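Visitor: The structure's right below; bear with me while I get my questions together.
The values are calculated or read from the model by the stated rules, or taken from the named source; none is laboratory data. Everything numeric in this text was worked out from a predicted model, so none of it was measured. Reconstructed Cβ throughout: ideal geometry from the backbone, glycine too, with neighbour counts over all protein chains shown.
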Amino acid sequence: MDKTKICITTLEYPPDIGGVGESVHRIAKMLINNGYEVHIVVFRSKQRLASDGTRRRASCTTKFQDNVFVHRIKSAIRSNVTEVQDFFSEIYFQIKYLHQKYNFNLFHAFFLNETGYVTTLLAKENNIPVINSVRGNDLHKHIFHPKNHAQIAWILENSDWVTFVSRDLLKRASIIAPSVKLKSSAFWNSIAPINFEQLPTPSLVNELSGIVIGSLGRFRDKKGIEFLLDACAELGKELDLTLLLVGDFVEKEREYWQQQIQQSQIGHRLCITGITSRQEALAYLPHLDIFAIPSVHDGCPNTLLEAMSASRAIIGTRVDAIAEIIEHGVDGLLVNPGNTKELTAGLRYLATQPQLRQKFGAAAKTKVTQQLAPSVEYQNWINVYQRALGRSEAAFLGIIGADAGTRGRRDAEKLISNKGRGQEAEGRREF
């Protein structure tokens, strides 16, 4: 029997840098190992702009990468500013062409904005099941743009299945589109074991002094770094410490962050590595005494799981999966987002309690190994794919006539993977 063909649309995929790309890559490998044929379609509306006078026709380049078909779509650039509707019209045409060529059995979009609408529209027009995966900003930020609300609601209502990386995101989606409650799963990301001893010594490690408080990522508005700057500046008056930011601020917010650093008066206690490779970023983790993730909202950040894997003492905020994964007082500390006073007190407590830091770190390592292992996420995703395909089969069988029952059932079953049908009742949570 032919393999079931999955088409995943995403804004990024390795070698692109970003948490969504890493998640899609991880899921693609899971699906390949389970016998699916996987196609990744990568596109991003930012690529439609050309300030340097570049002109080009639309294109789609395909590469067979680690047993995955990776299709990178670029829209035409006919002027300095390409209207967004022109961009998505061309993206739709390119994905439709790929579908005609490969005959996909299921579509899966990561991130409701950008990928979700064009993918869902094409899927519904061709009676193909579609999964949409909410990652964070799509419901935490983009939902507040008046032009996005109706589109997001339509995507949620017309999805065959919707996945979330936190219960908070599922709750918000259920308010926007109540039908989501009957066709959704909420489960965390996973992380493979990391051998930190084999990582190279990071370049700035000799510049770190005192208690080292650190955070990793591409720092932007949702990360709450301004509160961490203020907290560490205050603590620096009484403790010898270094605030290490592994990564850099996003370019569009750079002036804001330069201002915040000056206003915090943190001075020489701040060390920023700039953009590094993932290997070097991970290599800094064992050199941290405290890992801080003071996000205002954040989905299920991979950096949290990486810090847990490194047995770091963690202080995070009561938002999204951070608050669901970290148990306050057991494997880390939780504070309310945007509360500099609570964050300062929590950091002070951990900084002066080395045995507690060790206890929290060991507990975090145990939790990430047992509850956030790839095998757990793997089973969750396989269940999701089987459910989405099963819902499509049921809908198909519901419209075929009695005379065509045997033949129709055989045709519908071609949609189902050899690994089995969907399991259990819809709407079960995967935590």
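Visitor: Out of the stretch 282-298, which residues are small (Gly, Ala, Ser) and within 21 Å of the chain's Cα centre (by Cα)?
Guide: Those that are small (Gly, Ala, Ser) and within 21 Å of the chain's Cα centre (by Cα): Ala292, Ser295.
Visitor: Separate question: Would you mention how many residues in the stretch 180-239 are under 24 Å from the mean Cα position of the chain (by Cα) and at positive phi?
Guide: So the answer is 2.
Visitor: Could you list all residues from the stretch 30-48 that are outside any strand (DSSP E or B) and surrounded by 13 or more Cβ atoms within 10 Å (Cβ to Cβ)?
Guide: Of everything in the stretch 30-48, those that are outside any strand (DSSP E or B) and surrounded by 13 or more Cβ atoms within 10 Å (Cβ to Cβ) turn out to be Met30, Leu31, Ile32, Asn34, Tyr36, Phe43, Arg44, Ser45, Gln47, Arg48.
Visitor: From (1) closer than 20 Å to Glu207 by Cα; (2) surrounded by fewer than 22 Cβ atoms within 10 Å (Cβ to Cβ); (3) in contact (Cβ under 8 Å) with a residue 60 or more places away in the chain, pick out the condition that doesn't hold for Leu235.
Guide: (2)
Visitor: Being under 27 Å from the mean Cα position of the chain (by Cα) and part of a strand (DSSP E or B) is the filter; apply it to the stretch 245-281 and report the residue that is nearest to Leu350 (Cα to Cα).
Guide: Leu245
Visitor: Any idea which residue in the stretch 265-284 is modelled with the lowest pLDDT, counting only those that are touching a strand residue (DSSP E or B) at 6+ places or on another chain (Cβ under 8 Å) and hydroxyl-bearing (Ser, Thr, Tyr)?
Guide: Among those residues, the one meeting the criterion is Thr276.
Visitor: If you don't mind, another one. Out of the stretch 235-276, which residues are farther than 20 Å from Ile293 by Cα and of a type in the set (S, T, N, Q)?
Guide: Gln259, Gln262, Gln263, Gln265
Visitor: Looking only at the stretch 325-366, count how many residues are out of contact with any Ser or Thr (no Cβ under 6 Å at 6 or more places or on another chain), part of a helix (DSSP H, G or I), surrounded by fewer than 18 Cβ atoms within 10 Å (Cβ to Cβ) and of a type in the set (D, E, K, R).
Guide: 3
Visitor: Still on this structure, I have one more. Just a yes or no: is a residue in the stretch 168-185 of a type in the set (Ser, Thr, Tyr), modelled with pLDDT of 95 or more and surrounded by fewer than 16 Cβ atoms within 10 Å (Cβ to Cβ)?
Guide: yes
Visitor: So, in the stretch 299-319, exactly how many residues are within 17 Å of the chain's Cα centre (by Cα) and surrounded by fewer than 24 Cβ atoms within 10 Å (Cβ to Cβ)?
Guide: Total meeting the criteria: 4.
Visitor: Considering only the stretch 73-99, how many residues are closer than 24 Å to Asn34 by Cα and not hydrophobic (A, V, I, L, M, F, W, C)?
Guide: 1
Yes or no, residue by residue, for (1) buried (at least 21 other Cβ atoms within 10 Å of the Cβ); (2) touching a Lys or Arg at 6+ places or on another chain (Cβ under 9 Å); (3) not basic (Lys, Arg):
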| site | (1), (2), (3) |
| --- | --- |
| Gly267 | no, no, yes |
| Ile272 | no, no, yes |
| Ile275 | no, yes, yes |
| Arg278 | no, no, no |
| Ala281 | no, no, yes |
| Leu288 | yes, yes, yes |
| His297 | yes, yes, yes |
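Visitor: If you go through the stretch 198-244 one residue at a time, how many are closer than 30 Å to His142 by Cα, touching a Ser or Thr at 6+ places or on another chain (Cβ under 8 Å) and assigned to a helix (DSSP H, G or I)?
Guide: 9
Visitor: If I filter the stretch 54-77 down to residues being modelled with pLDDT under 95 and exposed (fewer than 14 other Cβ atoms within 10 Å of the Cβ), which single residue comes out as nearest to Val41 (Cα to Cα)?
Guide: Per the stated criteria, the residue is Ser59.
Visitor: Being hydroxyl-bearing (Ser, Thr, Tyr) and touching a helix residue (DSSP H, G or I) at 6+ places or on another chain (Cβ under 7 Å) is the filter here; which residues of the stretch 78-118 pass it?
Guide: Thr82, Tyr92, Tyr117
Visitor: Answer with yes or no whether His328 is over 19 Å from Ile191 (Cα atoms) and modelled with pLDDT under 95.
Guide: no
Visitor: Can you report the number of residues in the stretch 300-343 which are polar (S, T, N, Q) and closer than 17 Å to Glu226 by Cα?
Guide: Residues meeting the conditions: 4.
Visitor: Here's a follow-up. Looking at Asn103, Asn126, can you tell me which residue is at positive phi, more than 18 Å from the chain's Cα centre (by Cα) and not hydrophobic (A, V, I, L, M, F, W, C)?
Guide: None of the others qualify; the one that does is Asn103.
Visitor: Between a first residue in the stretch 267-280 that is among the hydroxyl-bearing types (Ser, Thr, Tyr) and a second residue that is part of a loop (DSSP other than H, G, I, E, B), which pairs have beta carbons less than 9 Å apart while being 6 or more apart in sequence or on different chains?
Guide: That search, which allows pairs on different chains as well, returns Thr273/Pro202; Thr273/Ser203; Thr273/Leu204; Thr276/Pro202; Thr276/Ser203.
Visitor: Next question. Let me confirm something: among Lys124, Lys181, which residue is within 21 Å of Gln85 (Cα to Cα) and of a type in the set (Lys, Arg)?
Guide: Only one candidate qualifies: Lys124.
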